[in-house]
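The values are calculated or read from the model by the stated rules, or taken from the named source; none is laboratory data. Only a predicted model underlies this, so the values are computations on that prediction, with no experimental measurement involved. Positions of Cβ are generated from backbone atoms using ideal geometry, with glycine treated the same way; all protein chains shown enter the neighbour counts. Note: accessible area is taken over every heavy atom of the protein model, side chains too, but ligands, DNA and RNA are not part of it. Shrake-Rupley method; radii C 1.70, N 1.55, O 1.52, S 1.80 Å.
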Amino acid sequence: MLLTDPITLAGRTAPSRVLFGPHETNLGHRRALSDRHVAYYRRRAAGGAGLIVTETASVAADDWPYERAPLAADCPDGWRAVAAACRPYGTLVLAGLGHAGGQGSSAYSQGVLRAPSRVADVVSRELPAELEDTELGPLVEDFAAAARLAAGAGLDGVEIDAGQHSLLRQFLSGLTNLRSDAHGTDRARLLREVLTATRAAIGPGLVLGLRLCCDELAPWAGITPERGAELAAEFAPLTDYLVVVRGSAMNLSATRPDGHTPPGFNLDLCRTVRTAVAGAAPVALQGSVVEVGQAQWALDDGVADLVEMTRAQIAEPELVALLRAGHPERIRPCVLCNQRCRVRDNRNPIVSCVGEPASGHETEDQPVPGRDAQPLDVLVVGGGPAGLEAARVLALRGHTVELAEGSAQSGGSLRTAAALPGRERLALLADWLAAETDRLGVTVRTGTRLTAAQLDAAAADGRSVLLATGSVPGPHGFDRLGGTVVRPAELAADPTARSLPPGPVLVFDPIGDAVGVAVAELLAAAGRPTAIVTQDQVVGTQLALTGDLAAANTRLQQAGVTLYKRRTVLELHDGYALLEDVVTGHKQRAECAVLIDCGHRLPERSLREAHPELPVAGDCVAPRTVYQAVLEGRRAALRLAAGTEGAHR
Ligand code: SF4
């Protein structure tokens, strides 16, 4: 049984066993699916996805968990368009249907949250109203009515959400269902009623899937793996497939973790559930499955019948097609960074990917593949993510490309970040970019620092030049009156920290992203007495965007790292740093043999200043994230190829 083999569900055949699961995208227009959704899903269908479950739509109007959360009543036109767009590829398209219950938000509905019992949500702390017994029948009918709408829109079926963020899980759980009525003494009753009513609504010829939380990671009262297996065995005969998920409001970061959690974290749980289900329905593995090798192993070893690879297909929409063509090595890796595919943060961004920034922007971005009429001879200066992506795109479009990188290895900031704990997978993106540029015939010269005169010579030869020269360390944000200062990039080259002076280490982190936290973790793991200084009330504030904030602070405390919060570094002396409380102005000394300065970097502009007419991309414009570097490298390459910027023809 191969990932690329078809699977038949309710008499409908999916072309592969790879599922693109329901996830929040912010692509919607108000509460309807948009043209962006259609293009987003079409691209994954064209890339070989076997099943696509559209973004979960609320079955009731008063359930409005985030601003652009789809509402089933507003979705039929969008569902119809998605089905039409995906049908040519044979992909089965199902509507995700759910209700967030007490995990919703009253910010948009301006109404009360409804839940099984009056248990405040751990995240919002909002106390919901308890659903009256008389409200449960209409709620069941809401699911059935939404399923009828999906069927009427021409979809292949629906998937009911009893996963991490769902009212139906809240009813299943002793954490949140404290009722004494029939839906409390039998906590599975509501889900049983919903599945039965939904099946009656869509009939036997459409697919009915179930996303079921089988481990809430809260064994004192929540669903345990043993109970999850019992529930799965009960519900499997009512469904056409079952997706095994874990987590609850108690542990949100565990439901969609980043690279600190190994890929395939639900393997054991899924195997247990599949054994309990005993063939009553196909079982799907979910949980950071981003490697096709692991996914295939899960099928081979009896863990699952199909595999959900959602982030993997955000990063590589053609994942199945490349696998089918015998080129798994060309699949762009998901590095489990959570930097652009999580959309529930205060910026309200739309879904995208650090390695594939056109994801989510399918209706706006120019496609990368294609051949340009006039081939160019291009010199790309800098082999970080911006330069590598620019070189890749130019070569893909038929241009002759040489890339010059000053250091001994390409990859730039990706390599630096990958040396830090929990960020190791970033090296996979650097490796992939290097392999693709190699495959496409780019001449890469590492250890080659070009001068302005060499750029003059290139221009005189009629070559086009693109600058992606990266960044340099910025000035220290403190007075250095002594002591030793090391930058994260230097530490990344010596992850054992043996080259540092002996004694305690102080990490100064005025940014609050993944770097400062990871540096502190690395040093603590190397056995160094470590402290971290932040001006914020918590360490690593920017990690809220990737979902790692709480987990990062827990890891630091477990590692014994001293946390200096609300402090900044005023001065560095031999043996100590002078800190100031940013609220009270109180000053104190912190002993340190070395300070790691995780402050902002600045653009590397020496060649840019000599040649301001040349196109630029990435950190040499302004040092930011890998996403911006890849995006700008790609766009600069496309503009160069189109002759709209800096090309000599
Ligand atoms: S942003 Fe990161 S985690 Fe998300 S799909 Fe892309 S590589 Fe994967």
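Residue selection: S410 fails the criterion of being farther than 13 Å from G387 by Cα, touching a Gly at 6+ places or on another chain (Cβ under 8 Å), more than 16 Å from the ligand (Cβ to nearest atom) and open to solvent by less than 50 Å² (accessible area, probe 1.4 Å). Among the residues making up segment 576-597, those that are under 29 Å from A493 (Cα atoms) and either in contact with a helix residue (DSSP H, G or I) (Cβ under 9 Å, 6 or more places away or on another chain) or open to solvent by less than 40 Å² (accessible area, probe 1.4 Å) (or both) are A577, L578, L579, A590, C592, A593, V594, L595, I596, D597.
Taken across segment 151-163, residues that are assigned to a helix (DSSP H, G or I), closer than 22 Å to P237 by Cα and open to solvent by less than 30 Å² (accessible area, probe 1.4 Å) do not occur at all.
Table: residues versus (1) crowded, with 17+ Cβ neighbours inside 10 Å; (2) in contact with a Phe, Trp or Tyr (Cβ under 8 Å, 6 or more places away or on another chain); (3) β-branched (V, I, T).
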position	(1), (2), (3)
R44	yes, yes, no
A49	yes, yes, no
A60	yes, no, no
R68	yes, no, no
G78	yes, no, no
V123	no, no, yes
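Among the residues that make up segment 270-286, is at least one of them within 16 Å of the ligand (Cβ to nearest atom) and crowded, with 18+ Cβ neighbours inside 10 Å? Checking segment 270-286: at least one residue is within 16 Å of the ligand (Cβ to nearest atom) and crowded, with 18+ Cβ neighbours inside 10 Å.
Working carefully through the options T4, T8, T54, T13, find the one that is assigned to a strand (DSSP E or B) and touching a helix residue (DSSP H, G or I) at 6+ places or on another chain (Cβ under 7 Å). Break it down stepwise before answering.
Values: T4 fails: assigned to a strand (DSSP E or B); T8 fails: touching a helix residue (DSSP H, G or I) at 6+ places or on another chain (Cβ under 7 Å); T13 fails: touching a helix residue (DSSP H, G or I) at 6+ places or on another chain (Cβ under 7 Å).
Answer to the check: T54.
Look at A61 and say whether it is part of a strand (DSSP E or B) and among the small types (G, A, S). Explain how you work it out, then say what you get.
Numbers: part of a strand (DSSP E or B): no; among the small types (G, A, S): yes.
No: the conditions fail for A61.
Among residues that are within 13 Å of the ligand (Cβ to nearest atom), in contact with a helix residue (DSSP H, G or I) (Cβ under 7 Å, 6 or more places away or on another chain), open to solvent by less than 10 Å² (accessible area, probe 1.4 Å) and among the small types (G, A, S), G387 is not included. Of the strands (runs of 3 or more DSSP E) lying entirely inside segment 464-518, those carrying at least 2 residues that are open to solvent by less than 20 Å² (accessible area, probe 1.4 Å) and either outside the structural domain of T530 (by TED's automatic domain parsing) or over 27 Å from A551 (Cα atoms) (or both) are 464-467.
Would you mind finding the one in R324, R371, R330 that is more than 11 Å from the ligand (Cβ to nearest atom), open to solvent by 20 Å² or more (accessible area, probe 1.4 Å), without any contact (Cβ under 8 Å) to a residue 40 or more places away in the chain and among the charged types (D, E, K, R)?
Working: R324 fails: without any contact (Cβ under 8 Å) to a residue 40 or more places away in the chain; R330 fails: without any contact (Cβ under 8 Å) to a residue 40 or more places away in the chain.
Of R324, R371, R330, the one residue that is more than 11 Å from the ligand (Cβ to nearest atom), open to solvent by 20 Å² or more (accessible area, probe 1.4 Å), without any contact (Cβ under 8 Å) to a residue 40 or more places away in the chain and among the charged types (D, E, K, R) is R371.
The set of residues in segment 298-316 being out of contact with any helix residue (DSSP H, G or I) (no Cβ under 9 Å at 6 or more places or on another chain) and over 22 Å from Q164 (Cβ atoms) consists of L299, D300. Of the residues T400, T416, T363, the single one that is within 26 Å of A544 (Cβ to Cβ) and away from the ligand (no atom under 15 Å from the Cβ) is T416.
Of the residues in segment 175-192, at least one is closer than 21 Å to P282 by Cα, surrounded by 21 or more Cβ atoms within 10 Å (Cβ to Cβ) and not charged (D, E, K, R).
Do we have G111 as in a loop (DSSP other than H, G, I, E, B) and either closer than 19 Å to G163 by Cα or open to solvent by 10 Å² or more (accessible area, probe 1.4 Å) (or both) here? Criteria met by G111.
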